[in-house]
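The values are calculated or read from the model by the stated rules, or taken from the named source; none is laboratory data. Since this is a predicted model, take the numbers as computed values, not measurements. Virtual Cβ from ideal backbone geometry, glycine too; neighbours counted across all protein chains shown.
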There are 2 protein chains.
Amino acid sequence: MTHSFTRRKFLHQVGAAGGSAAVYQMALALGMMPSKAFGAPQLVAPLNGRKRSVVLLGGGLSSLMSAYELERAGYECTILEASHRIGGRNFTVRSGDFIDEMGNPQYCQFDDQPNLYFNAGAARIPAHHHYLVHYCRTLGVQLETFTNVNYNAWIQNDAVAGGKPIRYRQFVSDARGFIAELSAKGISADAFDSNLSAEDVERVLQFLRNYGDLDPNLLYKGSNRGGYVQPGIKAPTAGMLEHGTLHERLDFSELLKSDFWQYRMHFGESEDQAAAMMQPVGGMDNIVKGFVRNIKSPMVTHAQVKDIRIGEAGVTVVYQHDGQNKELKADYCLNSIPKHLLVGIDNNFPAEYIQALSAIGRGKMFKIGIQMRERFWERDNIYGGISWTNQNIEQLWYPSHGIHSEKGIMLGAYTWEHENAEFFARLDPQQRFEAALSQGEKIHPDYRKYAENFVSITWQRMNHHMGCTAQWTPETRELYFDYLQQPLAGRHYMMGDQISYHPGWQEGAFSSAHNALSELQKRVSAELASA
Amino acid sequence: MTHSFTRRKFLHQVGAAGGSAAVYQMALALGMMPSKAFGAPQLVAPLNGRKRSVVLLGGGLSSLMSAYELERAGYECTILEASHRIGGRNFTVRSGDFIDEMGNPQYCQFDDQPNLYFNAGAARIPAHHHYLVHYCRTLGVQLETFTNVNYNAWIQNDAVAGGKPIRYRQFVSDARGFIAELSAKGISADAFDSNLSAEDVERVLQFLRNYGDLDPNLLYKGSNRGGYVQPGIKAPTAGMLEHGTLHERLDFSELLKSDFWQYRMHFGESEDQAAAMMQPVGGMDNIVKGFVRNIKSPMVTHAQVKDIRIGEAGVTVVYQHDGQNKELKADYCLNSIPKHLLVGIDNNFPAEYIQALSAIGRGKMFKIGIQMRERFWERDNIYGGISWTNQNIEQLWYPSHGIHSEKGIMLGAYTWEHENAEFFARLDPQQRFEAALSQGEKIHPDYRKYAENFVSITWQRMNHHMGCTAQWTPETRELYFDYLQQPLAGRHYMMGDQISYHPGWQEGAFSSAHNALSELQKRVSAELASA
């Protein structure tokens, strides 16, 4: 008790000096963190002295999780990774880091400060992504709240309001108002086949009044939800000492000209994007570092796989390393090489396997991180979240961390549309920077003057990736998904977020590893039972 | 340049050891934070050697801001505070702290750890609260993201679904779906007087499809926005390796039985509650500490004001301190004593001033902070945010900070309804704890087993407060608000969040100080000009 009290006192002092992150790291070191795992089934049974070897192709999260779990059960593991780094599309870019993009190699010029990083791949964590949260917990990766939707951010569309940016809250408030008004008219006119009682109808009308902030006549006349005419340095007490002035409400047909409502307005309602979202303190790759710290098996980078042979007794992989071809034999192979690269590697897979791998589309994605000398967006009352535009850059992200510090890294473009990813892929880095700046200026007029340097990444041109999120269609799902989840000859197991219902999410990678490990366990159990 | 590089390197090392909070504090100490104020007008002109004295009654934020600004302009200030502490309703409760509630004095039993605190008063910061954010920046109070709305939290209502809690996302998704369906029927029937073109009607229908996630026939059949049937330890890959199973959609008339939609569902849309919200790292009272560190003027606690006399030449205040009546004369008085207590203090105010002060209602508010031995809500995928219930406790809050650490303080009740504040006021602390636990169990069945200790606070019974958020009506606003914003005889200036359009918000207090300082400056300028 005294001992514990002393440790807590100590932590308290650490906290006073270094804040909660320092306390967290220290508490981990002192063993004061909860040891009970909140959430993962044991997938791999201990070998109890028997020997089994596994080669893991690709150094992304599915391989890291697999190696971590297999190693603990006594398996001998080797990870082969073609690129210079472990982590795959979990990639946090900091000062000096190398971007190995085909034709556009870049070194990151950011200042060397802990807050100045850019998650070039995975960048947010939904709380229900079970394995992801579990490993953050288990590996001691500290998480913090991530702002995904910000009502103070901007939406901008060239076709709407003369291209002038509109606050997210204003658009959403007006959209809800118009919808509620429409609904109220619909129900008042009793124009539809309603199963609602008279009491329910009254409740619906009351609901709509609240939902859309309608006036007593069920009309939408604007709402303070949309915010008051911009308070700021010159009017810091707007709305505080007197009634504020509401924004003029948007015209509904003007609002409908924006593509924003087509999905972006609803993005924060979706299963994987709804609050609360999280991020690791200090960069997404702390997850990778957490695994790397806890895996003893060899991880060979610059190891490019040339040939994969599945045999009766195991799998033989030939890879190029240090200018030489090397051969590695293992009992099993867990393979997360991107399917569009895998089909170009010599192998003895069945033809239908190759056909299945070839049928999945290859995603394209562009991001640019820009170092800003001043966190000018905070003057605009923006702390984290996303502004949306119909230009090629699509999104601007503001960092959720480092509030009120000196500089910040903004995400100056994040493309969901392939044509926008291709637009940027055709440009050289300096041209990308220029395009990002001139498009960003439509949202933040003085954007350019804060930009100090940048780093850009086109995932479909990154060496050893050559693609981003796997593109499945209902047809390819139907035809190939279950098939690719099955092992080949009990020896070869496909993995990676590509083999999940959530490609592009880290949890997809972990889930695919869950599947591969479960299948592998079945196989090993059968082997051992019959031995 | 070399110098700067060295300092950054140093900071980087600090960051590696202690996280971003440590870096922030260190950067402040090194003078590397931006010095340029982002946002406050200069309210008080320097006296340039002339003498002026101000007595500030009440030690809340309006007095702290005023003393901070006046001192810098050369005014001689004294703060008199009746209670044992500075800060007013900015009150962070930690291990050992005293709750001075009439009839129910309590000492906080929380473990002594930095993450285990409870913001018993102000607890969140909207980004557009300009002075609040300005002073956090200026005083070096580090902010972090605060989760206000969490789609994974619960809503619970005894009259709905047999009292079973429902995920926020499920309720909201279904509510949006039903509304969109109603609207679509309304517009399809052309039952209202529409100014929309045929093209617009098509856009509206498309909008509604996206808004409510309707099916191609414009019917709402459920949505993955509502989440899949609970993934968890037993099914960590639900929805990841196969299509997930959607929740069955709620019946609209069932949904309408909940009072949730009456305002709570929309609370995260409102001007002051919409994302992104923030909180100071380590507790709200870091703002108070920031002021206290930077104010040199005397702050006298346990100083209870007995008499206020406004004269031609200044203001005379009699206060009790150390068992004696003491007299303090000052040129001006800035007064933030709660209006319902002020009217009971001897004074020579005009009768109509007393009448105005008396007309404003006295708010009531109850909160209870409970120390939980395990952060069980994180197993439920809840990280921050609020669950809502129609029971007396009204709200459960989960901490946004300390993710994955050992213990946490939950807010076990936060009442907005006066009748609920009164329900808890009638109970002694142990009874309150029991009531909070048994009500919380309807949301988290095993809630009780994690609860270690608690601290409760009833603001309407707190000594020297005896009330919470001032209650204005449209009528009292019309009659008295402008009047109370005006100085009395150029000598006495009312302040506090009570004299703002945002009572209950820290920004209301700062805005009222803005008003008082502006009025005072006018007065002093006139005096000096005529001197």
*Which one is surrounded by the fewest Cβ atoms within 10 Å (Cβ to Cβ) among residues in region B:120-148 that are in contact with a Ser or Thr (Cβ under 9 Å, 6 or more places away or on another chain) and not in a loop (DSSP other than H, G, I, E, B)?*
B:Glu144
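So that you can scan it fast, the table gives a plain yes or no per residue for (1) facing chain B (nearest Cβ under 7 Å); (2) part of a loop (DSSP other than H, G, I, E, B); (3) not small (Gly, Ala, Ser):
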residue: A:Ala235; (1), (2), (3): no, yes, no
residue: A:Ala238; (1), (2), (3): no, yes, no
residue: A:Glu248; (1), (2), (3): no, yes, yes
residue: A:Phe260; (1), (2), (3): no, no, yes
residue: A:His266; (1), (2), (3): yes, no, yes
residue: A:Gln273; (1), (2), (3): no, yes, yes
residue: A:Met278; (1), (2), (3): yes, no, yes
residue: A:Lys289; (1), (2), (3): no, no, yes
*Considering A:Gly490, A:Gly496, A:Gly440, A:Gly467, which residue is touching a residue at least 24 places away in the same chain (Cβ under 8 Å), farther than 21 Å from A:Leu43 by Cα and outside the structural domain of A:Pro126 (by TED's automatic domain parsing)?*
A:Gly467
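Scan region B:390-398 and tell me whether some residue there is of a type in the set (A, V, I, L, M), surrounded by 24 or more Cβ atoms within 10 Å (Cβ to Cβ), more than 14 Å from chain A (Cβ to nearest Cβ) and touching a residue at least 24 places away in the same chain (Cβ under 8 Å).
Looking only at region B:390-398, we keep the residues that are of a type in the set (A, V, I, L, M), and these are B:393, B:396.
Right, trim to surrounded by 24 or more Cβ atoms within 10 Å (Cβ to Cβ) and you get B:393, B:396.
Among the residues that remain, those that are also more than 14 Å from chain A (Cβ to nearest Cβ) are: B:393, B:396.
Checking the rest, the ones that are also touching a residue at least 24 places away in the same chain (Cβ under 8 Å) come to B:393, B:396.
Yes, some residue in region B:390-398 is of a type in the set (A, V, I, L, M), surrounded by 24 or more Cβ atoms within 10 Å (Cβ to Cβ), more than 14 Å from chain A (Cβ to nearest Cβ) and touching a residue at least 24 places away in the same chain (Cβ under 8 Å).
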*asked:* Would you confirm, using the coordinates I've provided, whether A:Tyr117 is more than 7 Å from every other protein chain (Cβ to nearest Cβ), at pLDDT 95 or above and either buried (at least 21 other Cβ atoms within 10 Å of the Cβ) or in contact with an Asp or Glu (Cβ under 8 Å, 6 or more places away or on another chain) (or both)?
replied: yes
*Determine, yes or no, whether A:Gly244 is within 16 Å of B:Gly268 (Cα to Cα) and surrounded by 15 or more Cβ atoms within 10 Å (Cβ to Cβ).*
no
_Checking the structure you have, find out if any residue of region A:190-206 is at pLDDT 85 or above, of a type outside the set (A, V, I, L, M, F, W, C) and crowded, with 24+ Cβ neighbours inside 10 Å._
no
_Checklist (1) surrounded by fewer than 23 Cβ atoms within 10 Å (Cβ to Cβ); (2) over 18 Å from the mean Cα position of the chain (by Cα); (3) of a type in the set (D, E, K, R) applied to A:Glu271, failing item_ = (2)
*Scan region B:57-72 and report the pairs whose first residue is at positive phi and whose second residue is among the charged types (D, E, K, R), with Cβ atoms within less than 9 Å and a gap of 6+ or a chain change.*
B:Gly58/B:Glu81
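Residues checked against (1) part of a loop (DSSP other than H, G, I, E, B); (2) among the aromatic types (Phe, Trp, Tyr); (3) in contact with a Phe, Trp or Tyr (Cβ under 9 Å, 6 or more places away or on another chain):
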position	(1), (2), (3)
A:Glu378	no, no, yes
A:Asn381	yes, no, no
A:Gln391	yes, no, no
A:Ile403	yes, no, yes
A:Gly412	no, no, yes
A:Glu419	no, no, no
A:Glu422	no, no, yes
A:Ala435	no, no, yes
A:His444	yes, no, yes
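Against the definition (out of contact with any helix residue (DSSP H, G or I) (no Cβ under 9 Å at 6 or more places or on another chain), free of Cβ contacts under 8 Å to residues at least 40 places away in the same chain and either among the hydrophobic types (A, V, I, L, M, F, W, C) or within 14 Å of chain A (Cβ to nearest Cβ) (or both)), how does B:Val300 come out, yes or no?
no
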*Just to be sure, is B:Gly490 farther than 30 Å from B:Ile99 by Cα, not polar (S, T, N, Q) and not in a helix (DSSP H, G or I)?*
yes
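Considering each residue of region A:156-169, count those that are more than 9 Å from chain B (Cβ to nearest Cβ) and touching a strand residue (DSSP E or B) at 6+ places or on another chain (Cβ under 9 Å), and give that number.
Adding up the residues that qualify gives 9.
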*Only one of these conditions is not met by A:Arg375: (1) within 14 Å of chain B (Cβ to nearest Cβ); (2) surrounded by fewer than 20 Cβ atoms within 10 Å (Cβ to Cβ); (3) touching a helix residue (DSSP H, G or I) at 6+ places or on another chain (Cβ under 9 Å); (4) of a type outside the set (Gly, Ala, Ser). Which number is it?*
(2)
_Can you confirm whether B:Ile368 is assigned to a strand (DSSP E or B), buried (at least 20 other Cβ atoms within 10 Å of the Cβ), within 14 Å of another protein chain (Cβ to nearest Cβ) and β-branched (Val, Ile, Thr)?_
no
*Is it the case that A:Gly290 is farther than 30 Å from A:Tyr493 by Cβ, small (Gly, Ala, Ser) and surrounded by 17 or more Cβ atoms within 10 Å (Cβ to Cβ)?*
no
